[in-house]
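Colleague: Quick one: this structure, given as structure tokens, is what I'll be asking you about.
The values are calculated or read from the model by the stated rules, or taken from the named source; none is laboratory data. Note that the structure is a prediction, hence the values are computed from the model and not measured. Note that we place each Cβ from the backbone using ideal geometry, even for glycine, and neighbour counts take in every protein chain shown. What goes into the accessible areas is simple: the full protein's heavy atoms, side chains included, and nothing from ligands, DNA or RNA. Shrake-Rupley method; radii C 1.70, N 1.55, O 1.52, S 1.80 Å.
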Amino acid sequence: MQIRLLNETDAETIHREQMTRDFPESELKPFAAVRGLMRRGLYEPLALYENGALAAYAWQTVLPDCETALLDYFAVLPELRGHGTGTRALTALAEYYAPRKKTLLIECEHPAEAPDPAEARRRIGFYLRAGARATAMEGRLFGVRYQIYALPCGGDEQDAVLRRDLETLYRTMVPAPYYRGNVIFYGG
């Protein structure tokens, strides 16, 4: 699988043509916000290709002083789902980040509060089978409860480090009225 960091034009095309189909409007950042993060060097929209064709995309929030990145959006093209493409894409992402990041953080809706608990459990199972591990953290942003998972990319940080980095990522990307220490550390 080949990975390409998207420029603003190509990212906007994927946002318009793919992401509006793959994510509910309430979960999708306006592209102007994405563009602003990209221009500040805090966002990496990646496209993943197999045999020269777009197969998946993964967009991350990154900070230069953090040992982690936060998987903000990840989707496989609908016609390729259920054929191992997602697992290959996550493996490629781990290899892509290995030289400079140790862990890719993943937020998954908590099944106890998700609109579709079965879908939430299916998504969590996918990430676990692909090599992610459950952390001792969960968060609540914009009224949504998330369990936090970590995909090691060349290492695997302790949960305390991941918590520090996740809080820093949230403070950077979430407007102040909505973020107020919303990472809960429940073990470790």
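Colleague: To the nearest 10 Å², what's THR61's accessible area with a 1.4 Å probe?
Modeller: 0 Å²
Colleague: Counting only protein chains, not ligands or nucleic acids, how are ARG123, ARG133 ordered by accessible area (probe 1.4 Å), most first?
Modeller: Ranked list, largest accessible area first: ARG123, ARG133.
Colleague: Sticking with this structure for a sec: Below 8 Å, C-alpha to C-alpha, sequence gap of six or more: please give me the relative contact order for the stretch 1-141 in percent.
Modeller: 18 percent
Colleague: In nm², what is the average projected area of the convex hull enclosing the Cα atoms of the chain?
Modeller: Across all orientations, the chain yields a mean hull projection of 10.2 nm².
Colleague: Using the Cα centre of the chain as the reference point, and only Cβ charges (+1 on K/R, -1 on D/E), how large is the resulting charge dipole? Debye, rounded to the nearest 20.
Modeller: Computed charge dipole of the chain: roughly 200 debye.
Colleague: Would you kindly give the portion of the calculated P(r) for the stretch 47-147 that falls above 17 Å, as a percent of all Cα pairs?
Modeller: The proportion of pairs with Cα distances above 17 Å equals 56 percent.
Colleague: Now, a different point. Ignoring ligands, DNA and RNA, what accessible area per residue does the chain give at 1.4 Å, in Å²?
Modeller: Accessible area per residue: 49 Å².
Colleague: Something else now. Ignoring ligands, DNA and RNA, how do LEU90, LEU80 rank by accessible area with a 1.4 Å probe, largest first?
Modeller: Descending order: LEU80, LEU90.
Colleague: Here is a follow-up. For the stretch 1-123, give the percent of accessible area contributed by carbon and sulfur heavy atoms, probe 1.4 Å, rounded to a whole number.
Modeller: 50 percent
Colleague: If you don't mind, another one. Tell me the Kirkwood hydrodynamic radius of the stretch 1-71 in angstroms, computed as one over the mean inverse distance between distinct C-alpha pairs.
Modeller: Hydrodynamic radius (Kirkwood, Cα only) of the stretch 1-71 equals 12.7 Å.
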